[in-house]
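Here's the structure, in structure tokens; my notes come after.
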Amino acid sequence: MPRNIESIDDDPLLDGTANFGGGLNSYTARNQLAPTQFAIGRNTVVDRAGIIRTRRGTSALGSLPAGAGAALGMAYLETPAGVKKLLVCFQGTGSGTTVRTFDGTTWATIAGYTPVAGYNVEIVQGLDKLYLTDITQNMFSWDGTTWTNLGNGATDAPRARFIVWGTNRLIAAGVPSAPDTVYFSDILDPSSTHWSAANRIRVGAGDGDPITGLAMLSKTILAVFKRTRIFLVDINPAVSVSTFTIDEVPTTYGCVHYRTIAKVGNDLWFLSNDGVRSLSRTLQGDDSSVSAPISLPIKNLTALIPDTFPELTSATYFQGRYLLAHWANFPAPDGSGDGYYTLSYNVELQQWEGRWDGLLTVLMAQTRFAGTLRLIFAAATGTLTYFRHENGAPETAADYQDDAYAPATEIPTRIGTRAHNHGANFNGKRGFVTELEFDECTAPSAAVKLALDYAAPTTLATVTPNGRVPLTLLHQSPFREAAVEVESTSGKLALRSVSIASFAQTMPAGQ
């Protein structure tokens, strides 16, 4: 431990973040983060090399007419006969609720089904059709041209909150009068009169906890979620519904909202009371050893999702990322206000990589028009855009802008490193230099800031983010730990590493 530093003749202590592959950790104290973790990632993603950069932007999906209102439901229909259409149910403004379709080029308004304002419309595909339910009216099917009412009799489709397709049956739950009942259609036939009373099961033995979501875990295993419990139902089509086997997963948590459930490989991810969890990880644990939530590193961010707005959450898995769109009710520790955000988890790196804003996402769906896979975002404002993900083509300026039927909006980026203490926790330091290594940036400028000992960050300099950029710290007051923040307001910001060199001071007597 240094005992005498009256000048800066001693060798400096070195610290830094060699790469950002450790992911976003906004929950742990900045001085306790792992060497490659970072504390702030606004509109960021991380690649295999550990480079942190600005997320890709969005482009408008066709020329959507104005006044559509927020999306209540959205799904893509594709059939062997060549039908390819995106179906969207809109809340409507002024003229009321509407249903519109997109064929890859043109939007059209269609009649035959009228959504109910204020109610989510859940849509799934099965048997070359889309099936729609909104809990308030009869279930409908749509084959790309014709609507069919599935009735409301004793053996017709139930007025359910959510539906899934599995083992060639349409499966429904969330009926207000039977909150713990799962309804099954006949095999290969979910039309009216094909929902007999014998094709129903109650899950949970009347525990009073309503079903909050359904999802297929495997070919024949249906996951039934409640708020504090999870059940697995073997729905083997070779046996009758009355003999389906129901097993309870040993856990004390369940799913907050069905739209947060996403199929991730052979797993199901969902938002629980204490964050994002994995069903597979739960099954691998036991009563005495339950795995920590996947979202533990960003617990302070998921804690901002209010129980009062579960309908504003949705999730999907797209090209190696689990995306959780949500409404945040309070400002985050990084200073961002309440509003719509999307949390991105890089499944390959097994790390959270950023908190995205500006998209206002309430629903997501995937399309395959002309053989091109796209992720569609439906915004709270009624706009629909597609994600400009990496596709092998050369990057353009538009790839890092958000286009929502208006002049393109630049994407702001903010990166905050861990707090570096040079391995000397108790010594004060006299700063010497910090060096930032940028990687193929198109951002015209970046503000570099320094946050000392939990104080608010102050600007060191505004730089051109290109190659290695050194900045002196000799004019800074002594500090025990220092975090670096980098911000840009437009273009692509890409940061490979940050390093800091400082001189440790003599520890005061008694410490």
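The values are calculated or read from the model by the stated rules, or taken from the named source; none is laboratory data. Since the model is a prediction, treat every value here as computed from it, not as a measurement. Quick reminder, even Gly has a Cβ in these numbers, built from the backbone with ideal geometry, and neighbours come from all protein chains shown. SASA here: full protein model, heavy atoms, side chains in, ligands and nucleic acids out. Shrake-Rupley method; radii C 1.70, N 1.55, O 1.52, S 1.80 Å.
If you roll a 1.4 Å probe over the heavy atoms of the protein chains, what accessible area per residue do you get for the range 404-484, in Å²?
Numbers: 3720 Å² over 81 residues.
Ligands and nucleic acids excluded, the figure is 46 Å² per residue.
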- Task: With all distinct Cα pairs included, what does the Kirkwood hydrodynamic radius of the range 91-199 come out to in Å, to one decimal, could you say?
- Result: 14.5
- Message: Testing the spin-label approximation: label points 7 Å from Cα along Cα→Cβ at residue 274 and residue 63. State their distance in nm.
- Response: 5.4
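Which of the residue pairs 129/299; 449/492; 84/299; 299/449; 226/263 have a Cα-Cα distance greater than 29 Å in the structure shown?
129/299; 84/299, as the Cα separations exceed 29 Å there.
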- Task: May I ask you to evaluate 6.51 cos²θ - 1.76 cosθ + 1.60, the Karplus curve with θ = phi - 60°, for each residue of the range 27-42 and list the ³J(HN,Hα) values in order in whole Hz, giving x for glycine and proline?
- Result: 8, 7, 4, 4, 7, 10, 6, 5, x, 10, 8, 9, 9, 9, x, 8
- Task: Would you tell me the accessible area of residue 469, worked out with a 1.4 angstrom probe on the heavy atoms of the protein chains, in Å² to the nearest 10?
- Result: 20
- Gain in span if fully extended, residue 103 to residue 296, counting 0.36 nm per residue against the direct Cα distance: 65.4 nm
- Message: Taking every DSSP beta bridge with both residues inside the chain, roughly what % is antiparallel (nearest 5)?
- Response: 95
- So how much slack lies between residue 198 and residue 128, counting 0.36 nm per residue of separation and subtracting their Cα-Cα distance, in nm? 22.6 nm
- The answer for residue 432, listing residues at least 5 apart or on another chain whose modeled amide H is closer than 5 Å to its amide H, is 473, 501, 502, 503
- Message: What are the ³J(HN,Hα) couplings of the range 76-85, residue after residue, when phi is run through the Karplus curve with 6.51, -1.76, 1.60 and θ = phi - 60°? Round to Hz, x for glycine and proline.
- Response: 10, 10, 9, 10, x, 6, x, 6, 9, 9
- Query: Accessible area per residue, 1.4 Å probe, Å², for the range 161-203: what's the number?
  - Reply: 38
- Query: Under the Kirkwood approximation applied to all pairs of distinct alpha-carbon atoms, what is the hydrodynamic radius of the range 351-459 in Å?
  - Reply: 18.0
- Note on the structure: Log10 I(q)/I(0) at q = 0.06, 0.09, 0.11, 0.12 Å⁻¹ for the chain, from Debye over equal alpha-carbon scatterers, is -0.34, -0.70, -0.95, -1.08
- Message: Using a 7 Å offset from Cα along Cα-Cβ at residue 239, what residues in the range 180-223 end up with backbone N under 19 Å from the label point?
- Response: 182-187, 198-205, 216-223
- Task: With an 8 Å cut-off on Cα pairs and a minimum separation of 6 or more residues, tell me the relative contact order of the range 241-284 in percent.
- Result: 30
- Message: List the GluC sites (Glu not before Pro) within the range 410-445 that DSSP assigns to loop and that have no more than 13 neighbouring Cβ atoms inside 10 Å.
- Response: 440
- Query: So if we plug the beta-carbon distance of residue 228 and residue 433 into 1/(1 + (r/R0)^6) with R0 = 60 Å, what FRET efficiency do we get, rounded to 0.05?
  - Reply: 0.65
- Task: As a check on your grasp of the helix formula, calculate [θ] at 222 nm for the chain: sum -39500 (n - 2.57) over DSSP H runs of n ≥ 4, divide by the residue count, round to the nearest 500.
- Result: -500 deg cm²/dmol
- If r is the Cβ-Cβ distance from residue 311 to residue 477 and R0 is 45 Å, what FRET efficiency results, to the nearest 0.05? 0.40
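Work through the residues other than residue 336 whose Cβ is under 9 Å from its Cβ and net out their charges, Lys, Arg +1 and Asp, Glu -1.
Working: positive: 42, 355, 414; negative: 334, 338, 357.
Combined, the nearby Lys, Arg, Asp and Glu give 0.
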- Mind jotting down the distance between the C-alpha centroids of the range 455-495 and the range 190-206, whole Å? 61
- Give me the distance between the Cα centres of the range 21-61 and the range 323-361, rounded to whole Å. 11
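Using Cα-Cα distances under 8 Å and only pairs 6 or more residues apart, what relative contact order does the range 206-336 have, in percent? All intermediate terms of the calculation are to be shown ahead of the outcome.
Working: 244 pairs, mean separation 22.2, N = 131.
Relative CO of the range 206-336 lands at 17 percent.
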- Taking 7 Å along the Cα-to-C-beta vector as the label spot, tell me the residue 205-residue 111 distance in nanometres, rounded to one decimal. 5.4
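At most 16 other Cβ atoms within 10 Å and a DSSP loop assignment: could you name the trypsin sites (Lys or Arg not before Pro) in the range 350-393 that fit? Show your work: numbers first, answer last.
Details: sites: 355, 368, 374, 388; in loops: 368, 388.
Passing both the DSSP loop test and the Cβ count: 368.
In Å², what does the accessible area per residue of the range 223-274 work out to with a 1.4 Å probe?
On the way: 1960 Å² over 52 residues.
I get 38 Å² per residue for this part.
Please work out how much length the chain gains when fully extended from residue 456 to residue 152, using 0.36 nm per residue of separation minus the C-alpha to C-alpha distance, in nm with one decimal.
Working: separation 304, 0.36 × 304 = 109.44 nm, distance 6.05 nm.
Additional length available on full extension: 103.4 nm.
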- Take the Cβ-Cβ distance between residue 463 and residue 165 as r, set R0 to 45 Å, and report the resulting FRET efficiency rounded to the nearest 0.05. 0.25
- Message: If I compute solvent accessible area with a 1.4 Å probe over the protein chains, what percent of it on the chain is carbon and sulfur?
- Response: 51
